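Shown next, in structure tokens, is the structure this report addresses.
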Amino acid sequence: MHSPFQTKRDHDPATQQRPAAGESPAARGRDGAPRSQRGLVPPKLYRIGEVVEYSGVSRQTIHNYTTMGLLREIQWTRGGHRLYGEEVFDRLDRIAELRAQKKSLRFIREHFAELDRTTRNASAADRTDPAG
């Protein structure tokens, strides 16, 4: 089935832009291009089938990455469906980049664990900083 959304691989890096003042970080992808300009995916929570459709990564691979801790569900529906946030697409792109560099899944898991730790620590520091 043809999707109206382009993949990140279809994006022209020459059109990359930085976020505008006051713009939500979620409005732009890792490459700095506005999501609406890239035409990737609308902001919302995604069921695994939608992640598969928009990313081109197989359902089994998404399940495996989730089990390994590389991806996280944001929540579950009452019917038991996993829901992923839009950041799942950036993570999948980063996993693909690291795999293309012949990095092991162990290395990738450690990379994301460190990234998540750094993000959590920065968030905690922002909450405790009286000047922030």
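The values are calculated or read from the model by the stated rules, or taken from the named source; none is laboratory data. Treat the numbers as computed from the prediction; the structure is a model and nothing was measured. No Cβ is skipped: glycine too gets one built from the backbone with ideal geometry, and neighbour counts run over all protein chains shown.
Trp76 fulfils the conditions (1) surrounded by fewer than 17 Cβ atoms within 10 Å (Cβ to Cβ); (2) farther than 16 Å from Glu50 by Cα; (3) of a type outside the set (Lys, Arg) except for a single criterion, (2).
Residues in segment 60-77 that are under 16 Å from Glu114 (Cα atoms) and assigned to a loop (DSSP other than H, G, I, E, B): how many? Break it down into steps so the answer makes sense when it comes.
So in segment 60-77, the residues under 16 Å from Glu114 (Cα atoms) come out as 68-72.
Imposing the further condition that a residue be assigned to a loop (DSSP other than H, G, I, E, B) reduces the set to 69-72.
So the answer is 4.
Here Gln37 fulfils each of the conditions (1) part of a helix (DSSP H, G or I); (2) within 12 Å of the chain's Cα centre (by Cα); (3) at pLDDT below 55 apart from (2).
Do we have any residue at all in segment 8-22 that's in a strand (DSSP E or B), on the phi < 0 side of the Ramachandran plot and either touching a strand residue (DSSP E or B) at 6+ places or on another chain (Cβ under 7 Å) or at pLDDT below 90 (or both)? There is no residue in segment 8-22 that is in a strand (DSSP E or B), on the phi < 0 side of the Ramachandran plot and either touching a strand residue (DSSP E or B) at 6+ places or on another chain (Cβ under 7 Å) or at pLDDT below 90 (or both). Residues of segment 79-116 that are touching a strand residue (DSSP E or B) at 6+ places or on another chain (Cβ under 6 Å) and surrounded by fewer than 18 Cβ atoms within 10 Å (Cβ to Cβ): His81, Leu83.
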